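The values are calculated or read from the model by the stated rules, or taken from the named source; none is laboratory data. Quick caveat: nothing in here was measured; it's all calculated off a predicted structure. When we count neighbours, we look across all protein chains shown, and the Cβ atoms used for this are built from the backbone with ideal geometry, even at glycine.
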Amino acid sequence: MTRETIPAVGIDLGTTFSAVAKLDERGLPLTLVNAEGDHLTPSVVLFDGDDVIVGKEALKAIAVEAPRVAECSKRDVGHRAFHKTLQGKKYPPEVIEAFILDKLRRDAQLQIGPFSKVVITVPAYFDEVRRKATQDAGYMAGFEVLDIINEPTAAAVAFGFQQGYLNEEGSTSEPQHVLVYDLGGGTFDVTVMEIRGTEFIALATDGDVRLGGYDWDQRLVDIAAESFLRRHKFDPREDPIAAGKLWRECEDAKRTLSVRSKAAVACDHKGCSARIEITRRQFEEATLDLLDRTRFTTAQSLKAAGLDWSDIDRLLLVGGSIRMPMVHAMLRQLSGKEPDASVAADEAVALGASLHAGLILAQRQGNPPTFTIKNVNSHSLGVVGVDPLTGRRRNGTLIPRNTPLPVTAKRTFKTRKENQRSILVEIVEGESPSADDCTRIGKCSVRRLPENMPAQSPVDVLFHYEPNGRLKVRVIVPGADRQIATEIVRENSLAKEHLDGWRKFICGLEPTEYR
Ligand code: AMP
């Protein structure tokens, strides 16, 4: 009997577009088309009464029913609710992402049959809360998320595959340093990688989870809206429908400006209409600060990796927004190198994710890995303490950013009083010494400590980052013979029963074990 092969599927869950890839019978990654016949699915959701519509139709609806459309939900991941109320309801952003994933699954199934195991990509700069939320979205969409992988790493893997590095014969003899500049629709990531044989080692990563093509669109919207305002005394940005339509026009004009020196935007509002011409130069001037932010982060990340431009063998560009000529010009000027856009800008991430899925599935069947990935953490991990002099909440860093993963750090706490049975440790991620300026992961609650311990008894808390940047906590009381119960009580995360409820609602599946 032949064993049924499980498809190796990778999903690039993007801010503006998503893509699905799988490995074919020969192990070659390829992107799948959706039900509309496209390789990219707009990550846009329309709530239309009881119907939830995802993709192209939802994107079109922005121009006519913007208040019912959720776009860029990935930007809000990590927050309790999506910034916009949709049909009177506040949705958690990961639920909106789950609707997108559900559509991707249904469409892919039309071609490859039922499947549930996937790798989903996340920006390298996503913090732990956002990583968990992405896995939760996968669970709610009925997937078993094999792993999450950083987008620039996935792109580097796709690049390595394309170069033949993943075969024993083709693997690089000399270590190669690749800087991945990934400017997508809503996020910016830069990662410096070393490819050593079939090993992909991240040396440093940096980025901005709220910087991407969408911000460039908004600048065009502002230019057009202000021009309209000067002519007609009305501001189209004040009306959601007019603003939605204008945004669609501007996103289109932005693409035109990547290949032509000027583009026109049509704007209708309150019975007035205008055709506004925008030149590439005007666009570039209006967005220089955005580009500069990516320049600064790129330089920082190279420095964090301890390298110079002369050490970089490839400057790999990924993400749809790298098509803007200003990106190439800036990077050329910054690095003195010719940027390499040889991987498919919109598909490389999904392709790399499917290679990673293939690797995990093969390993589960007892096969040796054909390549390995080593990551770093993108944010420092700390615990909150109170400064006895100022009373301020301070962040005590335990694991600095850019530490190779997996990693475990131990912190010993002392009980304050006799027979103390619990300890609460607040965990944050971020670089600021002030705890309130960092991202709150949650509280690690240590319960049922052994009875009758004297005051000042040591309690060791072990903070463990897994290779994919997820955090696990363990507690050891020296001398105690049993495992102490502990869990991270999260603030901006859905409880298991809510995840199960959404899972049932979105894809009709029953709860299953999920941690
Ligand atoms: P991604 O998330 O990597 O698919 O990138 C999507 C972003 O790339 C969106 O903001 C698009 O507007 C942008 N994009 C796609 N094609 C172009 C182009 N030709 N010129 C400028 N931006 C583009």
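Only one of the numbered conditions (1) in contact with a strand residue (DSSP E or B) (Cβ under 7 Å, 6 or more places away or on another chain); (2) within 23 Å of residue 203 (Cβ to Cβ); (3) loosely packed, with under 14 Cβ neighbours inside 10 Å is not met by residue 303, and that is (1). Per the listing 470, 490, the residue uniquely modelled with pLDDT under 95, farther than 16 Å from residue 410 by Cα and surrounded by 15 or more Cβ atoms within 10 Å (Cβ to Cβ) is 490.
Residue-wise test of (1) more than 16 Å from the ligand (Cβ to nearest atom); (2) at pLDDT 95 or above; (3) not charged (D, E, K, R).
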residue	(1), (2), (3)
162	yes, no, yes
167	yes, no, yes
175	yes, no, yes
180	no, yes, yes
186	no, no, yes
192	yes, yes, yes
197	yes, no, yes
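Residues of segment 479-497 that are free of Cβ contacts under 8 Å to residues at least 40 places away in the same chain and over 19 Å from residue 424 (Cβ atoms): 479, 481, 482, 496, 497.
Could you check segment 274-307 and list, in sequence order, the residues that are touching a Leu at 6+ places or on another chain (Cβ under 7 Å), over 18 Å from residue 124 (Cβ atoms) and not in a helix (DSSP H, G or I)? The answer is 278, and nothing else. For segment 306-328, filtered to residues that are of a type in the set (D, E, K, R) and more than 13 Å from the ligand (Cβ to nearest atom), the residue that is surrounded by the fewest Cβ atoms within 10 Å (Cβ to Cβ) is 308. Checking every residue in segment 47-69 against the condition of being farther than 22 Å from residue 353 by Cα and part of a loop (DSSP other than H, G, I, E, B) gives at least one match. The number of residues in segment 342-371 being among the hydroxyl-bearing types (Ser, Thr, Tyr) and modelled with pLDDT of 95 or more comes to 1. Selection within segment 199-216: residues that are assigned to a helix (DSSP H, G or I) and either surrounded by 22 or more Cβ atoms within 10 Å (Cβ to Cβ) or not charged (D, E, K, R) (or both). The member of this set that is nearest to the ligand (Cβ to nearest atom) is 213.
Of the residues in segment 166-175, not one is buried (at least 24 other Cβ atoms within 10 Å of the Cβ) and in contact with a strand residue (DSSP E or B) (Cβ under 9 Å, 6 or more places away or on another chain). Looking at segment 196-203, is at least one residue under 28 Å from residue 379 (Cβ atoms), among the basic types (Lys, Arg) and free of Cβ contacts under 8 Å to residues at least 40 places away in the same chain? Yes, because at least one residue in segment 196-203 is under 28 Å from residue 379 (Cβ atoms), among the basic types (Lys, Arg) and free of Cβ contacts under 8 Å to residues at least 40 places away in the same chain. If you check 120, 148, 96, 100 for being over 27 Å from residue 24 (Cα atoms), touching a Ser or Thr at 6+ places or on another chain (Cβ under 9 Å) and of a type in the set (A, V, I, L, M, F, W, C), only one passes: 96.
If you go through segment 6-30 and keep only what is under 13 Å from residue 352 (Cα atoms) and either outside the structural domain of residue 94 (by TED's automatic domain parsing) or away from the ligand (no atom under 12 Å from the Cβ) (or both), you end up with 8, 9, 10, 11, 20, 21, 22, 23, 27, 28, 29, 30.
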